[in-house]
Every structure is written in structure tokens, then in C-alpha cells.
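*Asks:* Below you will find the structure I want to go over with you.
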Amino acid sequence: MSSIDQNQTDMAMLLSAGQVFERVETAAARLAGVAHRTAVLTSATLNARTDRRLWLKCEAFQRVGAFKFRGAYNALSALSDEERQRGVLTYSSGNHAQAMALAARLLKVPVTVVMPINAPPAKLAATRAYGADVVTFDPVASTREEVAASLPQASDATLIPPFDHYDVIAGQGTAALELHEQVAEMEQEPPPLDLLLVPVGGGGLLAGSAVATHFVSPRTHIIGVEPENADDAAQSFRAGRIIRRDSVDTIADGTRTPALGQRNFPLIQELVSDIVTVSEAAIAQAVHFLFERMNIVIEPSGALGVAAALSNTLPSGQRVGVMLSGGNVDTELFARIIRGRFPKT
């Protein structure tokens, strides 16, 4: 049985939140000294504009410029020596691809990455530069899962998907674990955060953050944020079942995943309070604000939480953590956003 077939078979073997949290703690130990303990920033201007106190977890400063390094390195570290020798296979439009490529280089594991031909050029180039064997495909003609399954490597390589994998979820959860610790250090034992705003694409970061928060700061409510144009997670959350959306159009390319994962969806249903959506204009405004007022470059997917805060759709006066999940933005798109030329509505 191939690794891909085995991955599908194992979907029935779902873990509890407690079991996943044990993996989060293990991931934190594996990542210590390897992943960056990224900064938490605050802004008096942002607090005034939103009528809240916000703490921004800057995963754009993580290795490969995104939180994805945490899950990729943790998942590869969990492999046996034999599995590492056989290599790994994955698929991604960008940040997970780069993360897997770097983690594989650090751990000396052969890796093949399936990427769509319309992936951001910078992310495609970076994945190749880290040493991955990149296979491109036309997303109109086939799915990335189909392409991965058709490769000769599929029979021997271990599949590590970008979000539907417990060790990936656990690795991503370490970002929230750090955030709660850092806020406590900055505030000298303050009350816990009221909310944690987390971007959601495939749901790995949201599920991992929800698990970590549930056990270290149970009074904190978790809110997922995604674009209005790619609202499969919000639809799924309300329907109580996974709803798929293909061919979505949003500047937040990290959220173009067609559906949530089978493993993270039950965790999201159990532990997340809500999933809200924001407009393309709100996302662009958040990217612009973060650059203009805080001098940080955040990709549209990473700015979703700030977009929700600036949209004033949440209660005021709260203590809010925000995951800035990545900073790998296409330079042309970023220039258009900063010049106020995109989007118009």
C-alpha cells in the first residue's frame, strides 16, 4: 500500500484534543533551538483604531518567512530513519513547500514537492533553492493529490500534506503556545487573552492554535479568519461538515486550499468559537497598515487577523492575540497594495 493510500485509510483514526496537545508539547521540544521564537509586537495606533489591546505574533520572522516551518520540521523529525531514507512527498502552493524543502535539507531527507504552475514565483523559486525536487502541474487539469499519487515516488515516499497531518498540526500549535507565554512575560502575569485571531486556509494553524490555547489558556476564545472569497472553512464550520470550494479568487494565496482537513476539522468544531470572513479590501488595508505604521511586510494571508480587528466586527475593549502567519508576499502584488491600487472594492 502506498503512503498516500495509507494516509487516506488512517483518516478514521482521529486523535482527541488531549492527544494532539501531547504532540504539541513534543513538537515544542523538537523545535527548541531550531525554529525561531518569533517576536510579539504591539502598536498603540492599532490599539486606538480597534479599541482593543492587540498582541501580534510575527511568524513572518520565522524561518522561510512563515509558521509552516514549525509543522514541516516537526513532521520530518518524527519519521524513522528508514522513512527518512525513502524520502517524503508533499504538495503546496507556497509556504509549506518552502518549509518542507528547508526542513528536509536540515534533516538530510529527500523531498519532492508538487506545486501548481500558478504558485507565486518567489515561493516556487525559494522551494527549488532550498533543494527540493519540484513537480509543477496545471490545477485546471488535475488536483495536486492526483498528481502526487501518480508520481513514481508515491509508492515508497512518506506523504506529509500541508495541514491534514497530526505532526504538522502539532508543530503549528507551538506558535500559539509561545504567544501565550510571551504575553504573560510582557504583562507580568496579566489576565489571559480574551480572543486569539488565527488565519485559516487548510486549518492546520487554526487547529493547532486551538488545541494549544485550550490547554494553556482555556478562557481564550479562538476565532478563525478567512477571505470572503474563499470561505469554505466558515461554511463548513456552520454546516458541521466539510464543504469544498474550488478555484477561489483572493489575494490571500495561502487560503486558496479547497477544503479543511479531515483531521483538523473535528478539532476546529470542538475548540473554535467562530470563523469570520473579511473582504479583499480589508485584507489589503491590513497589509498596508502593517507596513506603513509598523514597518513590517506581511503577506495578505498573514494579515487576515488584523483585517478582522480593523473591520470592527468584534467586541471592543478586549485583549486580543493575532497570528501574523507569514510574510512571503509577491513583490508586484505588494507594490500594488502599498500604492493603493488593489483591490478597488
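The values are calculated or read from the model by the stated rules, or taken from the named source; none is laboratory data. Computed from a prediction, not measured in an experiment: that's the story for all the values here. Positions of Cβ are backbone-derived with ideal geometry, glycine not excepted, and every protein chain shown enters the neighbour counts. Note: accessible area is taken over every heavy atom of the protein model, side chains too, but ligands, DNA and RNA are not part of it. Shrake-Rupley method; radii C 1.70, N 1.55, O 1.52, S 1.80 Å.
*Asks:* Which distance in nm do the two modelled labels at ALA32 and GLN19 give, with both placed 7 Å along the Cα-to-Cβ direction?
*Replies:* Once both label points are built, they end up 2.6 nm from each other.
*Asks:* Among 320-328, 28-36, 259-267, how do they line up by average Cβ neighbours within 10 Å per residue, starting with the highest?
*Replies:* Ranking the peptides 320-328, 28-36, 259-267 by packing returns 320-328, 259-267, 28-36.
*Asks:* Here's something else I'd like to know. Roughly how tilted is helix 280-294, in degrees to the nearest 10 and between 0 and 90, from the longest Cα axis of the chain?
*Replies:* Roughly 70 degrees, rounded to the nearest 10.
*Asks:* Something else about it: If each of ALA122 and GLN188 carries a label point 7 Å out from its Cα toward its Cβ, how far apart are those two points in nm?
*Replies:* Here the answer is 4.0 nm between the modelled labels.
*Asks:* Right, another one. Working from Cα positions, state the angle (0 to 90°, nearest 10) between the long axis of helix 17-31 and the longest principal axis of the chain.
*Replies:* In the chain, helix 17-31 runs at an angle near 80 degrees to the longest axis.
*Asks:* Hey, another quick one. Arranged from highest to lowest average of other beta-carbon atoms within 10 Å per residue, in what order do the peptides 209-222, 124-137 appear?
*Replies:* Details: 209-222: 22.6, 124-137: 17.7.
Ranked by mean Cβ neighbours within 10 Å, highest first: 209-222, 124-137.
*Asks:* Using 17 Å as the cut-off for backbone N distance, which residues of segment 20-36 belong to the label zone defined by a point 7 Å from the Cα of ARG105 along Cα→Cβ?
*Replies:* 34-36
*Asks:* To the nearest 0.05, how large is the calculated FRET efficiency for ASP156 and ALA129 if R₀ is 41 Å and r is the Cβ-Cβ distance?
*Replies:* Details: r = 25 Å, r/R0 = 0.62.
According to the calculation, E is roughly 0.95.
*Asks:* Moving to a separate point now. At 0.36 nm per residue, and after removing the present C-alpha to C-alpha distance, how many nm does the segment from ASP138 to SER316 gain when stretched out fully?
*Replies:* The ASP138-SER316 span can extend by a further 59.6 nm.
*Asks:* Additional query: What do you reckon, how do ARG293, ARG341 stack up by accessible area (1.4 Å probe), largest on top? If you can, show how the numbers build up before the last one.
*Replies:* Working: ARG293 115, ARG341 145 Å².
Heavy-atom accessible area, descending, gives ARG341, ARG293.
*Asks:* Mind giving me the nanometre distance, one decimal, between the label points for ALA48 and GLU82, set 7 Å out from Cα along Cα→Cβ?
*Replies:* Placing both labels 7 Å along Cα→Cβ, they lie 6.3 nm apart.
*Asks:* With N residues in segment 201-345, what two-decimal value do you get for its Cα radius of gyration over 2.2 N^0.38 Å?
*Replies:* 1.02
*Asks:* In degrees from 0 to 90, rounded to the nearest 10, what is the angle of the helix 95-107 Cα long axis to the longest principal axis of the chain?
*Replies:* 60 degrees
*Asks:* Something else: How far is the Cα center of segment 15-53 from the Cα center of segment 272-345, in Å?
*Replies:* The distance from the Cα centre of segment 15-53 to that of segment 272-345 comes to 18 Å.
*Asks:* Which sequence of LYS108, LYS68 reflects their accessible areas, 1.4 Å probe, from the largest down?
*Replies:* Ranked list, largest accessible area first: LYS108, LYS68.
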